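Reading through the structure tokens given below for one structure.
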Amino acid sequence: MNPTRRRTTAALSLALALMVTAVLTGCTEPAASAAPSASATPRFDPDATLWSVSSTEEALGLDDPDVQALQQVVALHSGASDNRSPATVAESVAAEETYFTPLFSEKLAAQGYRDAVVAMYDDADLTIEQTGVAWLRSTIDADRLHATVGFESLFAIVEASEGYLHELDVDPGAEFAQPREYSLTKVDGIWLIDDISKGPLRKSAEPTP
């Protein structure tokens, strides 16, 4: 890969990291599978719920059916999007789309999301592995049709091209954390993602306190 192509790839990755609809520069799935690893078990304080009804602030327990369903969708999507390699990226993008509403899928398709993600991982020889998920404050609307889920994804750059690592100023194995917020809508009784926003990356292997 020539130096210009490397610089272009790294720049694209950094831009994607800041976009609502793009996958992060180092945030993807283990090469082996699109499913979340055992190490990515969501973390939470067992003595305090992070879930509430948005309009009333009524606390919701982890045994609430919608809370359980939402956590499952977010964990599965996170496992698909945050564990990737050149060999698995196309399959993992397809897996991601199964958790999106039709309108969100159309929006991403119009932006060339699939091709951009595949090109990024191929050009940078990039492999990312999720190392954990930490839940943040989350809400469900009183109508039980809309929800906002906060969490932080923890991941490591397993390997990447020399030029890509140089652009990011990191070594292989570097670990990052990134706060995210998913908007979900219940469609025919199933929770689906209709928007994603991502906060800045932090070089850290641990979730925000």
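The values are calculated or read from the model by the stated rules, or taken from the named source; none is laboratory data. Keep in mind the model is a prediction, meaning the values are calculated, not measured. Every residue, glycine as well, gets a Cβ built from its backbone with ideal geometry; the counts of neighbours run over all protein chains shown. When the accessible area is computed, the model is the full protein with side chains, heavy atoms only, and any ligands, DNA or RNA have been set aside. Shrake-Rupley method; radii C 1.70, N 1.55, O 1.52, S 1.80 Å.
For segment 129-141, indicate whether the set of residues that are buried (at least 21 other Cβ atoms within 10 Å of the Cβ), more than 23 Å from Ser85 (Cα to Cα) and of a type in the set (S, T, N, Q) is non-empty.
Yes, segment 129-141 contains at least one residue that is buried (at least 21 other Cβ atoms within 10 Å of the Cβ), more than 23 Å from Ser85 (Cα to Cα) and of a type in the set (S, T, N, Q).
Look through segment 162-204, keep the residues that are modelled with pLDDT under 95 and polar (S, T, N, Q), and return whichever of them is nearest to Leu136 (Cα to Cα).
Looking at the filtered set, the residue picked out is Gln178.
Out of Ala142, Ala134, which single residue is more than 18 Å from the chain's Cα centre (by Cα) and hydrophobic (A, V, I, L, M, F, W, C)?
Ala142
If you scan segment 60-96, which residues turn out to be touching a Leu at 6+ places or on another chain (Cβ under 8 Å), over 17 Å from Lys198 (Cβ atoms) and either open to solvent by 40 Å² or more (accessible area, probe 1.4 Å) or not in a helix (DSSP H, G or I) (or both)?
Within segment 60-96, Gln68, Ser85, Pro86 meet the criteria.
State yes or no: is Arg43 of a type in the set (Lys, Arg), surrounded by 15 or more Cβ atoms within 10 Å (Cβ to Cβ) and at pLDDT below 90?
For Arg43, the condition - of a type in the set (Lys, Arg), surrounded by 15 or more Cβ atoms within 10 Å (Cβ to Cβ) and at pLDDT below 90 - is not met.
Condition (residue is open to solvent by 70 Å² or more (accessible area, probe 1.4 Å) and closer than 30 Å to Asp123 by Cα) applied to segment 146-164: is it met by at least one residue?
Pass one, segment 146-164, residues open to solvent by 70 Å² or more (accessible area, probe 1.4 Å): 146, 159, 162.
Then drop every residue that is not closer than 30 Å to Asp123 by Cα, which leaves 159, 162.
Scanning segment 146-164, I find at least one residue that is open to solvent by 70 Å² or more (accessible area, probe 1.4 Å) and closer than 30 Å to Asp123 by Cα, so the answer is yes.
Spot the failing condition for Val117; the list is (1) in contact with a strand residue (DSSP E or B) (Cβ under 6 Å, 6 or more places away or on another chain); (2) within 20 Å of Ala80 (Cα to Cα), and only one is missed.
(1)
Residues in segment 166-200 that are part of a loop (DSSP other than H, G, I, E, B), open to solvent by less than 70 Å² (accessible area, probe 1.4 Å) and in contact (Cβ under 8 Å) with a residue 12 or more places away in the chain: how many?
Taking segment 166-200 as the starting set, the residues that turn out to be part of a loop (DSSP other than H, G, I, E, B) are 169-174, 188-189, 199-200.
Next, only the ones that are open to solvent by less than 70 Å² (accessible area, probe 1.4 Å) stay: 170, 173-174, 189, 199.
Still in the running and in contact (Cβ under 8 Å) with a residue 12 or more places away in the chain: 170, 173-174, 199.
Counting residues in segment 166-200 that are part of a loop (DSSP other than H, G, I, E, B), open to solvent by less than 70 Å² (accessible area, probe 1.4 Å) and in contact (Cβ under 8 Å) with a residue 12 or more places away in the chain gives 4.
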